[in-house]
Amino acid sequence: MTANKDSARMTRRQFLRTAAVLGGAAAAGPLLAACGAPGLGGASGPLKIGLLLPSSGIYAALGESITNGMKMYLDSVNNKAGGRDIQLIAEDEGTDPQPAAQKARKLVEQDQVDLVAGIVSSGVAGAIRDYFNDNKKFLILANAGADALTRKAKSQYIFRASFSNWQPNWPMGKWVAENIGKKAFISVPDYAAGAETVSAFRNSFEAAGGQVLKVQKTPFPNMGDPAPFLTDIKATAPELVYAFYSGAAATTFVKAYADFGLSKSIPLTGSGFMVEQDVLPALGDTALGVKSCLHWALSLDNAENKAFSDAYQKRTSKVANVFAVQGYDTARLIVEGLNAVQGDSGKADAFADALGKVSFASPRGAFKMDPNTHNTINHIYVREVKKNGDTLGNVVVADLGEVPDPGDDSKDTKA
Ligand code: BEZ
């Protein structure tokens, strides 16, 4: 929509007043539509992208890496897409879904962003899905793996440039059963991403002859004292542990695992967030030998990864990590989609169609959006934490091939 600024401001004020009376994110849908959204920003002037990423809580470092990656790509295209300048407006996602949902509404209704990108937590992604779908606003996920968002809760307005929780964990279940052991203890945080990790891993692990001895759900976001959880693992005496933790929770869990002497006797495996490059400096040697799966590794040998990792280190003085790669790819997905519609994200059908067709050479290898699921098709690698001189890194030890999300729950039936 190309309404002049004053009339757009009036309608926005009216909208905010009415929406406040009605309350509830979903109730805002028809009102936003009446205001002319999704084209509130129109196709002229700066294109506003709302960045909803954690700057507080256990996932704050993930938010920082994604932001750095996005800015790095946007700088490389002079902060322009479809002929328009790009303006970023950031809000803190935290980890609590309800305050995060309010921030999403603030970005859309008050800041009048053209689209929102980011979201680390599956819990937050689930809480804001209806708002974006019902209000026909684009949401580009840069991390949150909540399976349903690209399955039964798929939306024309939601795309994911990262992974679904199923993608790393399902192929890893079979690999762990065949290469590490058959009796597993699973430890995950007690929220959506933890539950989906259990379900995906368990499904292929059991099909390959594995047995899950126990599933442990730790408090989310803050685990508190990890001692009782490690004691439980020791008492169960599994052949291996499979876990999903990220950010500050990964540091707490992996360090405690080593402190309790478990890393010497029970192999630790999991999705790769637990030992990603962002936490390796804090983990030090406690992470050595952990085998994990992910769609990227610092050691991946391709020209884009080398250029990206070098430039990221130069820019931030930090080693690149998977979250930075996802931020970089998210920004590129958005820019390529906007270029295809001359910067007018209000042309919803054309913009969605363009986003579904995006593919490019990424640091993770080929980046391919799946037009059916709106989820990236990822290549999954098993990595092992090894030391090269004084430097710890994830070295690829197995290639599990290309893994598209199935787009439904058919391959993932055990809770
Ligand atoms: C999630 O909530 O989906 C998630 C959070 C951190 C790392 C990976 C996934």
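The values are calculated or read from the model by the stated rules, or taken from the named source; none is laboratory data. Predicted model, so just to flag it, every value in this text is computed and none were measured. Note that we place each Cβ from the backbone using ideal geometry, even for glycine, and neighbour counts take in every protein chain shown.
A compact table of results
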{"quantity": "Filter result (within 14 Å of the ligand (Cβ to nearest atom) and under 21 Å from Ala227 (Cβ atoms)) within region 276-303", "calculated": "Val279"}
{"quantity": "Residue within region 353-369 that is part of a helix (DSSP H, G or I), under 30 Å from Gln156 (Cα atoms) and either in contact with a Gly (Cβ under 6 Å, 6 or more places away or on another chain) or among the aromatic types (Phe, Trp, Tyr) (or both) present", "calculated": "yes"}
{"quantity": "Test result for Ser271, surrounded by 22 or more Cβ atoms within 10 Å (Cβ to Cβ) and touching a Phe, Trp or Tyr at 6+ places or on another chain (Cβ under 9 Å)", "calculated": "yes"}
{"quantity": "Contacts under 6 angstrom Cβ, first residue in region 183-204 being more than 20 Å from Gly224 (Cα to Cα) and in contact (Cβ under 8 Å) with a residue 60 or more places away in the chain, partner in a strand (DSSP E or B) and within 14 Å of the ligand (Cβ to nearest atom), 6 or more apart", "calculated": "Thr197/Val188; Val198/Val188"}
{"quantity": "From Asn321, Asn388, residue being among the polar types (S, T, N, Q) and either within 16 Å of the chain's Cα centre (by Cα) or farther than 30 Å from Lys174 by Cβ (or both)", "calculated": "Asn321"}
{"quantity": "Some residue of region 124-133 being farther than 19 Å from Ser345 by Cβ and charged (D, E, K, R)", "calculated": "yes"}
{"quantity": "Strands (runs of 3 or more DSSP E) enclosed by region 95-201 - at least 2 residues per element that are β-branched (Val, Ile, Thr)", "calculated": "183-189"}
{"quantity": "So Tyr131, is it of a type in the set (Ser, Thr, Tyr), surrounded by fewer than 24 Cβ atoms within 10 Å (Cβ to Cβ) and within 11 Å of the ligand (Cβ to nearest atom)", "calculated": "no"}
{"quantity": "Any hit, region 295-304, residues being surrounded by fewer than 17 Cβ atoms within 10 Å (Cβ to Cβ) and assigned to a helix (DSSP H, G or I)", "calculated": "yes"}
{"quantity": "Where a residue in region 270-294 is touching a residue at least 24 places away in the same chain (Cβ under 8 Å) and of a type in the set (Lys, Arg) and its partner, wherever it lies, is assigned to a helix (DSSP H, G or I) and more than 16 Å from the ligand (Cβ to nearest atom), with Cβ under 9 Å and at least six apart", "calculated": "Lys291/Trp175; Lys291/Val176; Lys291/Asn179"}
{"quantity": "In region 117-126, residue surrounded by the fewest Cβ atoms within 10 Å (Cβ to Cβ) [restricted to those that are within 12 Å of the ligand (Cβ to nearest atom) and either without any contact (Cβ under 8 Å) to a residue 40 or more places away in the chain or at negative phi (or both)]", "calculated": "Gly126"}
{"quantity": "Selection count, region 260-282, where residues are of a type in the set (A, V, I, L, M) and under 23 Å from Gly69 (Cα atoms)", "calculated": "5"}
{"quantity": "Number of positions in region 319-345 that are within 18 Å of Val395 (Cα to Cα) and not in a helix (DSSP H, G or I)", "calculated": "3"}
{"quantity": "Among (1) basic (Lys, Arg); (2) farther than 15 Å from Leu141 by Cα; (3) at pLDDT 95 or above, the one test that Lys347 misses", "calculated": "(3)"}
{"quantity": "Top-ranked residue in region 141-180 [being of a type in the set (Val, Ile, Thr) and within 18 Å of Pro404 (Cα to Cα); ranked as nearest to the ligand (Cβ to nearest atom)]", "calculated": "Thr150"}
{"quantity": "Hits in region 136-149 (condition: in contact (Cβ under 8 Å) with a residue 24 or more places away in the chain, touching an Asp or Glu at 6+ places or on another chain (Cβ under 9 Å) and farther than 21 Å from Gly69 by Cβ)", "calculated": "Lys137, Asp147"}
{"quantity": "One residue from Asp114, Asp92 being touching a Ser or Thr at 6+ places or on another chain (Cβ under 8 Å), of a type in the set (Asp, Glu) and more than 16 Å from the ligand (Cβ to nearest atom)", "calculated": "Asp114"}
{"quantity": "Residues that are surrounded by fewer than 18 Cβ atoms within 10 Å (Cβ to Cβ), over 17 Å from Met274 (Cα atoms) and among the basic types (Lys, Arg), drawn from region 169-219", "calculated": "Lys182, Lys183, Lys214"}
{"quantity": "Residue list for region 134-150, filter: over 14 Å from the mean Cα position of the chain (by Cα) and surrounded by 22 or more Cβ atoms within 10 Å (Cβ to Cβ)", "calculated": "Asn135, Lys137, Phe138"}
